[in-house]
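Accompanying notes for the structure given below.
The values are calculated or read from the model by the stated rules, or taken from the named source; none is laboratory data. Small disclaimer: the values here were computed from a predicted structure and weren't measured. Ideal geometry is used to build each Cβ from the backbone, glycine not excepted, and the neighbour counts take in all protein chains shown.
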Amino acid sequence: MKSKFLSGLLCTAFLLSFKVGVANAKVDGYLVKDTATNTLYEYNEQKLQKNKVLHNDFNSKVSKFGIYAVHDTSGKYIDYKCLQEEKLKDETSFNYNEFIKSNKGIEIKNLNIKKINISDIIKKISVNSGLTIFDRYVKVELNTKHPDNYKVTAVGNKLKYDKKKHVFKGIIYSMDEDKIKSSIKVECINPDKEEVDKKLIKEKKKVENKNVDFPVIKACKVINDYEVKLIFDKNIRLHDNVKKPTANDLKKVFHTNSKNNAKDIKINGNELTIYFKSANELPEGVAYVFIDADVLEDLNGNKNDDLNYKISIKKSEH
């Protein structure tokens, strides 16, 4: 078992090595195939580096099933064995960009794609009257088999875990319920103990013809605590060239987790401005903005796949 786990780590290191010296396209995701259920597990490279729980789950599956394919920023899925063989021929002169020019990639057909969304670990947040008019009683419930393996804070204060009721709770000295909810932070204490719960797995079917030409997010401007502007490398518009976003569209644009969805989005050429509700302000520090598939399209009608972009927020600047 130890050798299998080590092989998983080596696979990770081997895959990450494709990023070195690549000016354009680079590996940004990995697929692990469960041949028994014909299921593909897809992992985002950036999230793997930042989240130990996700990384442990990845290594566990790699040690059992091996790597099926890698995904790159050009939009292709590349057969892992083919890529490995090509790189090992001459590691010093291997050029990923040159390789993918002659490799059409593989098609992902009739397979279940499962993505792990760690941000969905928060199941429920309740804020009720506290001991006085100046404080609130806060309860947080998590989507995990091991809630006692987590630390939960609200407005910087640690909440106590109730083993009988399986919730985190505490009295927070604040009257602002929206501020309390947006400040909730969850931290895994011991990643090696954590098992990724099935409730954290988001299933999504991929279309056969994956879009390879959709514009890329190049930059971001945080306007204030409720407004952020994403800048693409090409002009974009709303799906099907509609003029205004629907309520369902706005649910698919959010930060941190799906509860913090946008109240409006506006497009001007290659700039997408996202407006969040006052209750869903951007948290201080690092956050991710998510745009689910098929919300946007380029001027040729190619719709977007799932997008996410890391942003940094400094409250003192606003």
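Quick rundown of the values:
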quantity: Subset tally (residues that are modelled with pLDDT under 90, part of a loop (DSSP other than H, G, I, E, B) and of a type in the set (S, T, N, Q)) for segment 114-166; calculated: 3
quantity: Residues that are of a type outside the set (A, V, I, L, M, F, W, C), surrounded by 21 or more Cβ atoms within 10 Å (Cβ to Cβ) and part of a loop (DSSP other than H, G, I, E, B), drawn from segment 54-95; calculated: Y68
quantity: Residues of segment 220-271 that turn out to be touching a Pro at 6+ places or on another chain (Cβ under 6 Å) and in a helix (DSSP H, G or I), as a count; calculated: 0
